[in-house]
Every structure is written in C-alpha cells, then in structure tokens.
C-alpha cells in the first residue's frame, strides 16, 4: 500500500504534466508516432528523416499506446513509468528473498524516492525499461540454479533479448560482465550446461535478430561512403552506423557527429551521491560493513558451503539447517552478482562518453545492497548484537541528512524572502540566467540557470520543499536517537517523497523553457494546413512543435542549418525528403507563395533578424524562443 501511494503521488503527475519537452522527449515521440501512423515497425523516422541510432522496443511500446490512447503525454510516458514500477517490483522481490522484509521495504522506497530515478523518468528515454529487463534477466539467471527449471533460463535469455531491443549491445555486455565473474567466484561455472548455452542463445537470436536484419536490409549502404563521415548520396547503411558508429565509436569517443560530452571524472563519481540521494547517505555504512566482513565474502558462495560438521553444530537449533544454508548462499551470490553488475556499469561509462543518466542500471543494485546493509544493521542493533558497531554510522548519516535539510530549507527560505516583492511570472524562462553550463549538452544544464527572480514563479513548490526539509529530517533524527529505526528510515522516504512532489510542481513551471507546446498551440490557432513551418536550427530545438503540429501541416518541418546531430545520417540518403534549406533559399522564399512560420531559439535570433531584417512579423515569444511569420496576420 505504501508503495502504491508513493508511486501515484510522485510519478502519477508526470503522465500528464508538463507537455512533451523539446529535444529527446518529443523527438522520440515523433519516432513512435511515425510507427503508429504508417505501420512501418522497422525503420524509425523523425520529421520524415531516418532515425537509425536506437533499437525499437521503447518506440514500439509507445506506438501501441498511441493506437489505444491517442498521441499525448500520457501515452508517451506510460511505458517509462510502468518500467519504473517494474524496477520496484523486481528489486523488492529479489531483496525480500535474499535479505528479508525490511530490506525489501527500504529497496522499494529507495527507488521510488531516489532523486535519480525521479529526475530521469520525466522524459522519454529507455533507461528505466533497460534496467527492469536486465534486473529481471539477472534474477531469473540466479534463481535458475536453485529451481533447476529450464524455463527460468529460457526466460532469462528472452528478457536479455528484449533488453537488447531496448538499448542495444550494452545489454548482453553488461549481463555477461556480471554473470561470468559471479559464476567463476561461486564455482557455478562447473554447471554451465544448466544455463542452456546453446538453445538459450538461439532463443535470444530468434527474438533480437529479426529487427536488426530487416533494418539492415531496408537501410543499406548508399553510394560510395568513405570513412566515417557521410555526405549526401554517400552514406553507410544501418549495420555500420548502428553497430560501429553508435556502439564502438561512441564508446571510444570517435562517433560522428561528436555531439556528446564526457562528464568530468570527479563530477561523474560524485554525481551518484545526488542520483541516489537521500539513500546515498547510508553508503558509508554499507561500505563499512562490506570492509569489516571482507574475509567472509566467499564463505557461503560455493556449493559445499555449510556442509561441514562445525556449521551444523553451530546451527543445530534451527528447524531446517539445509534451508538456512540455501538462504545464505542465495544472499551471498546476490551480493556478488549485483556488485559485479553495478561496478562494471560504473566503470564502463567512466571510460566511455556519457550522460548523467547512462548509469541508471547501476542505481538499482546499489540501492538494493545499501538497503540490505541498513536493514541488517538496524535489526542487529534492535536485537542487541551490533557486533559491527554500525549504529554510529547510521546515526551519522541521519545527522548529515538533518544538516543538509536545514541548509537547503534555509536556501529556499532566502530565495523566497529575496523574491517576496517580485510579481509572479508564468514564463520562468525570462527569469533565468542562461549560463550555458556544459553548452546545454548535459541534461541538468538548466538547473544552473536559476536566479533569485525565478523564485517568484516557484513559490508554491519552494514552500512545500522547505517545510519538508525543515520538519522531516529533524523528526527522523529524533526517532533515530530513540532507537525507533524503522520509523526513522520511513521518515527519510516520506521527506524525500514530499520534496519530489514539490520538485515536479517546479518542473512543470519550467514548461515555457523546456517545451514549445504553447507555440504549437499558437500555430494550430493561427496557421492554415497549407502553410510551411520552418525551424532555424536543429529539429530538436522545436521537436515538441513538430510533434503537436505534424498532423495539422501534413508534412515535415523545413530546417535551416538542420543537418546536424540526429538528422545528419538520415539526411544523406537519396530518398530523404527535401526539408533542408539554406539561408539563401529561406530569403528567396520568405514572403512569397504560401505563408511561412519561422521558429528560432535565442542563440539563432540575431542571425534570423539580420537575414530577414524588416521582413519579420513577430507572432509570439516564450522563454528563449520566438515564432515569426512572413506577412501580417
């Protein structure tokens, strides 16, 4: 019941607000809409151009939603939200079996109230779906050795194939990087035939291979491409682009075009304290337990664990010593498997090009292991057998949480006080600083644009967050001091939950900055179906406008200087629609023939005004973007 309430309260609103965001959110929605409208389930397209970068499963799921619910925010974000719920379920199930009810409770709360899972389910990316499928595959693999049911391993292979259709080759790579070392350490490699090493991969290929083969056949090499740089009429086909450019070259940092940043190493590692907050506060306690018990890490891993006379004498009072041994082995193997999986994921993206959310799959195992350690420390202390002296570590974590809460509440209070005389402004984009941290290639860049004036638009969420941070941590600390551990930990989850509800209200207030839906509404009210919509820049700059108006206009938007990023490779195919125009073509067509509507972000505004000086008729501006037309309305 607690999980259901938190899930609905924290994640329910994201199914309806804000509208689809520009850039990746609405771009991916365009790809799904193309499937739903054309019935082409093989070649993804965005704004009429081939989009060969990503595997299809996330887009298939949203396309099915569009058939059922229509093309809207709810249908777009539903699979992502349900995947998050799936992560909660599989992590709770696994943790409960390995470490007990309290650890499972904390794991579910950690996923639902962790900052990272919340932040990176606000828009349409496949990380939550990939994580659910990989975690389910790992769980089936591990439990397959206990049940000795072939169906468990076949289900594992099937889930792994779906994970590859969700995110690509990293799915089997991450899976094997966790499974192989665990089998070697535990001695399970002797039972390698049990994992169906021949029929299992065959099932994997039967599920994962058909789309890759069809996509390659339908999108072959064109012309005579040389090297890794496509030119019009000369472009590598799907297999080269997808497997080499998007996997190998992306990992090596030589992908073309080079439009991804690599996070600084210090920030890359420290950022996980934010993505896992507030549960990352208990990481030091978990690491302390791991270090103090390092000599017993292999004790219960192997098949002969617990089969000595001394072991049975020590546990003779137990009703079923054999079942106890099986439980210990499952717990140890779970810890090793989750540890290998999380460690490899973190190291992989520390070397590769990366975005903040790429390590999403590692967050769930880390939360599971941390929750298990926290629950064990609490229960040991309550039973008077705190041999590892973990209480000071847990108490220290809550002191830090309290101090951080007070500091953050004070900062919010200062922002509210400083903006008390300022009027509420619905368009928060006009109040931001536009500091361009990371040149906006990092997904959190806009957080650094907040100013004192912007608090005038964020009063309600700021007040809610300040109260939660002021009351929740202090209450939890008092409970912890009174040794009411379960209630204290629940207070952490509830505090974070209320904070995230406030955060979503604030996120929705950023709509004018993050989405161009209002400009799309203006077009739907003022334009005619035969008009041309033009974007000065990349289609991702106004991808939400394209999504909301593409049926109305009935053809792709025109792009000036738009053959960049996701449009580049697809634009080089000979049959690509003629949507890419030059400055000269824009100037010559402006004001003639059908009405033209021109969109540009502030970064391109001066170029547009110089190019079409005296011939622009402003229609509407929001945040950092403007819509013009070429004749009076």
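The table below gives the values:
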{"item": "Enumeration of residues in segment 240-259 that are under 14 Å from residue 351 (Cα atoms) and not in a loop (DSSP other than H, G, I, E, B)", "result": "247, 248, 249, 250, 251, 252"}
{"item": "Of all residues making up segment 467-512, the number that are in contact (Cβ under 8 Å) with a residue 24 or more places away in the chain and not in a helix (DSSP H, G or I)", "result": "2"}
{"item": "Meets criteria (in a helix (DSSP H, G or I) and either touching a strand residue (DSSP E or B) at 6+ places or on another chain (Cβ under 8 Å) or under 19 Å from residue 231 (Cα atoms) (or both)) for residue 603", "result": "no"}
{"item": "Selected residue (only one of 362, 342 is surrounded by 24 or more Cβ atoms within 10 Å (Cβ to Cβ) and either in the same structural domain as residue 266 (by TED's automatic domain parsing) or not in a helix (DSSP H, G or I) (or both))", "result": "362"}
{"item": "Sole residue being more than 27 Å from the chain's Cα centre (by Cα) and under 24 Å from residue 354 (Cα atoms), chosen from 257, 278, 230", "result": "230"}
{"item": "Residues of segment 226-239 satisfying the condition of being crowded, with 18+ Cβ neighbours inside 10 Å and not in a strand (DSSP E or B)", "result": "230, 236, 237, 238"}
{"item": "Residue match in segment 602-615 (condition: free of Cβ contacts under 8 Å to residues at least 60 places away in the same chain and within 36 Å of the chain's Cα centre (by Cα))", "result": "yes"}
{"item": "Failed condition for residue 74, given (1) without any contact (Cβ under 8 Å) to a residue 24 or more places away in the chain; (2) surrounded by fewer than 18 Cβ atoms within 10 Å (Cβ to Cβ); (3) closer than 23 Å to residue 133 by Cα", "result": "(1)"}
{"item": "Qualifying residue in segment 590-599 (condition: in contact with a strand residue (DSSP E or B) (Cβ under 7 Å, 6 or more places away or on another chain), at negative phi and without any contact (Cβ under 8 Å) to a residue 24 or more places away in the chain)", "result": "no"}
{"item": "Count - residues of segment 538-589 that are exposed (fewer than 15 other Cβ atoms within 10 Å of the Cβ) and either at positive phi or not assigned by TED's automatic domain parsing to the domain that holds residue 609 (or both)", "result": "1"}
{"item": "Boolean, residue 132 is buried (at least 24 other Cβ atoms within 10 Å of the Cβ) and under 12 Å from the mean Cα position of the chain (by Cα)", "result": "yes"}
{"item": "Pairs where the first residue, in segment 188-204, is outside the structural domain of residue 159 (by TED's automatic domain parsing) and the second is at pLDDT below 75 and buried (at least 18 other Cβ atoms within 10 Å of the Cβ), C-beta under 9 Å, 6+ apart", "result": "none"}
{"item": "For residue 306: the one exception among (1) assigned by TED's automatic domain parsing to the domain that holds residue 84; (2) modelled with pLDDT of 85 or more; (3) touching a helix residue (DSSP H, G or I) at 6+ places or on another chain (Cβ under 6 Å)", "result": "(2)"}
{"item": "Among (1) free of Cβ contacts under 8 Å to residues at least 24 places away in the same chain; (2) surrounded by 19 or more Cβ atoms within 10 Å (Cβ to Cβ); (3) not assigned by TED's automatic domain parsing to the domain that holds residue 171 - the single one residue 45 does not satisfy", "result": "(1)"}
{"item": "Matching residues in segment 566-591 - criterion: being within 20 Å of residue 605 (Cα to Cα) and part of a helix (DSSP H, G or I)", "result": "583, 584, 585, 586, 587, 588, 589"}
{"item": "Which numbered condition residue 103 fails, given (1) more than 26 Å from residue 514 (Cβ to Cβ); (2) in contact with a strand residue (DSSP E or B) (Cβ under 8 Å, 6 or more places away or on another chain); (3) assigned to a helix (DSSP H, G or I)", "result": "(2)"}
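The values are calculated or read from the model by the stated rules, or taken from the named source; none is laboratory data. Everything quoted here is computed from the prediction, not taken from an experiment. Cβ coordinates were reconstructed from backbone atoms using ideal geometry, including for glycine residues, and neighbour counts include every protein chain displayed.
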